[in-house]
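Okay, structure first, notes after.
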Protein chains: 2
Amino acid sequence: MPELRKEPVSGRWVIIASERASRPTDFKSTHQPIKSDSCPFCEGNEEKTPPEITAYREEGTKADTRGWRVRVVPNKFPALQIEGEQNKRVEGIYDIMNGIGAHEVIIESPKHALSLTALDNKNVEEVLWCYKERLIDLKKDKRFVYGLLFKNVGASAGASLEHSHSQLIATPIVPQQVINEITRAETFYKNNGRCLYCDMIQQEIDTNSRIVTLAEKFVAFTPFASRFPFETWILPRKHDAHFENLQKPEIEELANVLKDTLIRIETTLEFSPYNYIIHTAPFYINESEYFHWHIEIIPRVTNIAGFEWGTGFYINPMSPEKAAKLLRSTQDVHKNEQTQKCI
Amino acid sequence: MPELRKEPVSGRWVIIASERASRPTDFKSTHQPIKSDSCPFCEGNEEKTPPEITAYREEGTKADTRGWRVRVVPNKFPALQIEGEQNKRVEGIYDIMNGIGAHEVIIESPKHALSLTALDNKNVEEVLWCYKERLIDLKKDKRFVYGLLFKNVGASAGASLEHSHSQLIATPIVPQQVINEITRAETFYKNNGRCLYCDMIQQEIDTNSRIVTLAEKFVAFTPFASRFPFETWILPRKHDAHFENLQKPEIEELANVLKDTLIRIETTLEFSPYNYIIHTAPFYINESEYFHWHIEIIPRVTNIAGFEWGTGFYINPMSPEKAAKLLRSTQDVHKNEQTQKCI
């Protein structure tokens with residue numbers, strides 16, 4: 001059983017999942033390239049994953065067989081375990097609880113696509129519908145307070161399989177970084193009567209020096225204090241705290257903006273590893289006036305060194321204004337290249 | 001001129017040092033191995049660095065010539081610039097100031113040593129004296145409020161040169177992570193009348209399941225909520241907020257404990273990359289009852305994925321109890337190997 005432990009000095013929570021490795025040599029493979037032989041995420045290999053939680057599939061096809069377009073399965077090596085009680089307790093000055101949670105994998109295509117950008121727009125929309133559906137479902141489990149959707153692309157960004165997929169982890173505690181964001185946004189709202197993110201969107205549109213894409217319902221820009229070269233955020237222009245409130249027209253446009261933004265990043269950085277993370281409000285917060293959901297895309301082209309670990313602040317060798325300019329000017333040469341890479 | 005920019009959503013500060021890179025291809029080299037040809041840190045190559053700030057050298061030898069044992073120089077590619085005014089200002093909702101600060105390199109040996117562990121104990125002591133001396137000196141500059149000492153070992157931990165060295169960055173703002181630690185420690189002190197770190201040390205000694213080394217004046221243990229496999233902290237057993245308060249007997253023992261701990265980590269992990277960071281109190285805090293300086297050693301054997309970026313909490317596949325046991329049982333086979341690797 002994994003454990004959730006709290007660091008009293010920093011307030012950080014850590015998942016100790018010691019079933020995952022037991023010898024120092026177990027870590028040796030983390031920098032190896034990802035192999036695609038007999039991929040467990042490809043159509044026809046459904047028996048290589050745990051039984052599916054949900055799938056969007058052709059009518060008349062059965063669970064865990066061919067015929068799906070997007071498929072959600074439990075992670076075979078979960079960071080948190082779905083069965084059991086939390087058993088919150090203290091050990092002297094330390095807080096500890098059982099590592100209860102959900103850890104799901106959203107397989108985005110039955111084909112061996114290497115990126116979300118290789119999928120057609122309808123397929124990307126279904127991935128987003130799937131995100132929404134899973135968040136709404138996990139919200140019903142009263143043990144969980146937060147649902148974190150994220151994507152790792154490339155071995156050094158944490159991906160262990162190259163077949164395009166996302167992950168969803170539902171946790172019994174709200175991560176400290178999320179609490180920090182929410183607290184700051186709440187303070188801003190109390191002081192100014194407005195949403196900090198709405199103000200930021202307006203300023204970015206007015207300044208127009210960091211915009212990557214300005215669509216009707218969404219905006220993508222490189223943040224003013226980008227931690228990493230080509231870091232890009234996507235926000236809904238209309239205030240909303242919860243990703244899972246998305247409706248059909250928004251999902252259609254978001255699929256388009258997300259794919260377009262990733263194409264620009266992949267083309268500019270020649271398929272460097274990246275992560276994206278969906279920052280959404282905790283389950284227990286209803287229609288919040290002050291928090292505003294968004295997607296943070298983090299290309300992994302620079303190494304994190306001691307300075308960043310020691311301080312939590314970052315050295316970024318590329319100004320966001322320059323990054324936005326390069327991303328805006330990217331030609332759509334990417335599509336053909338990526339299709340060729342797929343089986 | 002680099003800029004210091006504040007992210008309004010998270011409160012993070014970022015250094016935008018755009019002189020460091022201007023094209024996407026500038027990032028391509030970050031994962032390349034480090035070359036040792038004509039190393040600028042080796043004795044005899046003093047002209048390849050900016051003029052030295054200080055050095056411990058043989059009597060009668062001149063600055064920027066041979067004869068030194070430890071040498072401090074300005075970083076040739078500084079993240080922050082020493083000359084100029086801060087010019088704090090706002091741009092709408094954003095905070096910004098000029099990137100003023102110090103960025104120094106402590107070259108730990110005139111020989112091309114690949115690790116601090118290849119140095120003899122007297123040499124390690126001089127490195128620590130040098131840390132202390134530089135902190136005390138930078139404290140006098142009223143523009144700076146914090147001094148961060150850290151070490152990057154290995155390319156993927158952020159080192160760009162393999163010759164053993166540390167870095168010191170003095171900043172005009174206190175990093176958010178440091179503020180967070182201090183605030184939590186202060187709250188604990190107010191509630192309990194004791195130092196949180198002193199309590200932690202006592203509990204670790206009593207429990208005795210995560211101790212790596214228990215010496216007279218220092219203790220090394222794997223923290224209860226370790227973020228990374230083999231993460232190890234070294235703390236002075238006697239309460240002190242400031243690293244630079246160290247005196248001769250403590251420096252002698254710390255050199256020994258630090259070198260011993262690094263030897264255990266290097267041997268166990270077969271010279272994987274790592275960072276260490278000295279967490280010390282900000283310059284303006286005097287003899288604090290609640291903050292307790294310490295060194296955090298972070299082996300870089302696992303990749304940081306989307307989950308960690310999105311939440312600030314970590315998945316660690318190795319329990320700290322198991323890591324401590326492995327580190328304690330490490331034979332000292334390392335010394336000979338490491339000496340052979342050095343020129």
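Coordinate-derived values only; no laboratory data. Here the structure is a predicted model, which means the values were calculated and not measured. Methodologically, a virtual Cβ is constructed for each residue, glycine included, from the backbone with ideal geometry; neighbour enumeration extends over all protein chains shown.
Below is a table of values for the structure above.
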| item | result |
| --- | --- |
| Whole-Å distance, taken between Cα centres, linking the stretch B:206-264 and the stretch B:289-325 | 16 Å |
| Inter-copy spacing of B:Lys62 label points, which lie 7 Å from Cα along Cα→Cβ, given in nm from shortest upward | 8.8 |
| The stretch A:127-137 - phi-based ³J(HN,Hα) in whole Hz, Karplus 6.51/-1.76/1.60, Gly and Pro as x | 4, 5, 4, 5, 3, 4, 4, 5, 4, 4, 5 |
| Point-to-point label distance, B:Thr65-B:Asn191, nm (Cα→Cβ direction, 7 Å offset) | 6.1 nm |
| Rotational relation A to B, axis-closest Cβ in chain A, residue and distance rounded to whole Å | A:Ile304, 3 |
| Simple Cβ-charge dipole of chain B, Lys/Arg +1 and Asp/Glu -1, about Cα centre, in debye nearest 20 | 460 debye |
| Label distances, nm, A:Asn286 versus same residue in remaining copies, Cβ-directed 7 Å point | 5.2 |
| Inter-chain shielding of A:314-327 (mean C-beta neighbours from other protein chains, 10 Å cut-off) | 6 |
| For B:Lys88, label point 7 Å along C-beta direction: distances to other copies, nm | 3.8 |
| Value of relative contact order over chain A, rounded to a whole percent, pairs C-alpha under 8 Å and six or more apart | 17 percent |
| Helix-derived mean residue ellipticity, 222 nm - over chain A, DSSP H n ≥ 4, -39500 (n - 2.57), to 500 | -8500 deg cm²/dmol |
| Inter-label distance for A:Lys48 and A:Phe77, nm, one decimal - labels placed 7 Å from Cα along Cα-to-Cβ | 1.5 nm |
| Shielding score for A:169-176, defined as the mean number of other chain Cβ atoms within 10 Å | 3 |
| Net charge, A:Pro50 excluded, C-beta distance under 14 Å - Lys, Arg +1, Asp, Glu -1 | -3 |
| Normalised contact order of the stretch A:177-341, rounded percent, pairs of Cα under 8 Å and 6 or more residues apart | 31 percent |
| Local electrostatic count, A:Val145, Cβ distance below 14 Å [Lys/Arg +1, Asp/Glu -1] | +4 |
| Inter-probe distance in nm under a simple model that places probes 7 Å from Cα toward Cβ, at B:Glu289 and B:Lys217 | 2.5 nm |
| Qualifying lysines (Cα of each under 22 Å from Cα of B:Lys140; at least 8 residues distant if same chain) | B:Lys88, B:Lys132 |
| Inter-chain Cβ neighbour average for residues B:208-215, partner chain, 10 Å | 0 |
| Net charge over other residues, Cβ less than 10 angstrom from the Cβ of A:Leu116 (K, R count +1; D, E count -1) | 0 |
| Sparse-neighbourhood loop sites, trypsin sites (Lys or Arg not before Pro) in the stretch A:98-192 - DSSP loop, at most 14 other Cβ within 10 angstrom | A:Lys140, A:Lys142 |
